[in-house]
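To keep things clear, I will list the structure first and then write my remarks on it.
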Amino acid sequence: MAHQAAPADRQTLEDGDEAPSVFNQYIDTLSYIERLHRLILDVVKDEFERLNIIDVNSVQALLLYNIGDNEVTAGELKSRGYYQGSNVSYNLKKLVEAGYISHERCSVDRRAVRISLTEKGRDMRTIVSELWARHIDSITQNKLLDDDDLVALGDHLKRLERFWSDQIRYIY
């Protein structure tokens, strides 16, 4: 199989200055996405430290937030995009032990376990929701992004997600 050459890292502008190529912009975007994911986990962790919450970590809190009022199986967590990690069983077990999630066997398929938030889990979801609301207030007050910017950003990220999903499903 022939190896393709990597795209040029830089292209030159008319005045001789270099501008980032599409390749570099894509790599930078990937780096931003990765850093943003880590940062949001740190933001939640920082909030929990301020509130002296020690029995749930930021990954688990986001899982609780994403489950919300739904009743789902562990398998649905990934397919619905509620959880992106590889250790979902570990986090579910810890959340059940800590009283944030209830679980029961599905009456139709006894192998499947349906999970939902307990009152304690809904309280944790409220804490995360209030954090997001404060962020939205600060973002809009500081004119960092407006509604149209957030809609456009979400649309761009959804298209990128769809592209990557298609790469996994259809390209070998």
*Of the residues 131, 144, which is assigned to a loop (DSSP other than H, G, I, E, B) and among the hydrophobic types (A, V, I, L, M, F, W, C)?*
144
*Unmet requirement for residue 107, which otherwise passes all of (1) hydroxyl-bearing (Ser, Thr, Tyr); (2) at pLDDT 90 or above; (3) assigned to a loop (DSSP other than H, G, I, E, B)*: (2)
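May I ask you to say which residue of 46, 28, 69 is free of Cβ contacts under 8 Å to residues at least 40 places away in the same chain, in contact with a strand residue (DSSP E or B) (Cβ under 8 Å, 6 or more places away or on another chain) and either hydroxyl-bearing (Ser, Thr, Tyr) or not in a strand (DSSP E or B) (or both)?
Working: 46 fails: in contact with a strand residue (DSSP E or B) (Cβ under 8 Å, 6 or more places away or on another chain); 69 fails: free of Cβ contacts under 8 Å to residues at least 40 places away in the same chain.
After applying the criteria, what remains is 28.
Select, from 81, 75, 68, the only residue that is within 13 Å of residue 124 (Cα to Cα) and at pLDDT below 95.
Numbers: 81 fails: within 13 Å of residue 124 (Cα to Cα); 75 fails: within 13 Å of residue 124 (Cα to Cα).
Within the list 81, 75, 68, the selection yields 68.
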_Residue selected from segment 47-79 under the condition of a type in the set (D, E, K, R) and surrounded by 13 or more Cβ atoms within 10 Å (Cβ to Cβ), by the criterion farthest from residue 108 (Cα to Cα)_ = 47
_Looking at 158, 120, 78, can you tell me which residue is in a helix (DSSP H, G or I), among the charged types (D, E, K, R) and touching a Gly at 6+ places or on another chain (Cβ under 7 Å)?_
120
*asked:* Would you confirm whether or not segment 83-94 contains a residue that is over 25 Å from residue 44 (Cβ atoms), touching a residue at least 12 places away in the same chain (Cβ under 8 Å) and surrounded by 12 or more Cβ atoms within 10 Å (Cβ to Cβ)?
replied: no
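Okay, residues lined up against (1) outside any helix (DSSP H, G or I); (2) among the β-branched types (Val, Ile, Thr); (3) under 21 Å from residue 42 (Cα atoms):
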site: 125; (1), (2), (3): no, no, yes
site: 136; (1), (2), (3): no, yes, yes
site: 140; (1), (2), (3): no, yes, no
site: 148; (1), (2), (3): no, no, no
site: 152; (1), (2), (3): no, no, no
*Subset of segment 123-150 [more than 20 Å from the chain's Cα centre (by Cα), loosely packed, with under 13 Cβ neighbours inside 10 Å and hydroxyl-bearing (Ser, Thr, Tyr)]*: 138
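Mind counting the residues in segment 98-122 that are within 22 Å of residue 47 (Cα to Cα) and loosely packed, with under 11 Cβ neighbours inside 10 Å?
Taking segment 98-122 as the starting set, the residues that turn out to be within 22 Å of residue 47 (Cα to Cα) are 98-101, 117-122.
Those left that are additionally loosely packed, with under 11 Cβ neighbours inside 10 Å: 119.
Residues that pass the stated criteria total 1.
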_Which numbered condition residue 114 fails, given (1) in a loop (DSSP other than H, G, I, E, B); (2) among the basic types (Lys, Arg); (3) in contact (Cβ under 8 Å) with a residue 12 or more places away in the chain_ = (1)
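The values are calculated or read from the model by the stated rules, or taken from the named source; none is laboratory data. Since this is a predicted model, take the numbers as computed values, not measurements. Ideal geometry is used to build each Cβ from the backbone, glycine not excepted, and the neighbour counts take in all protein chains shown.
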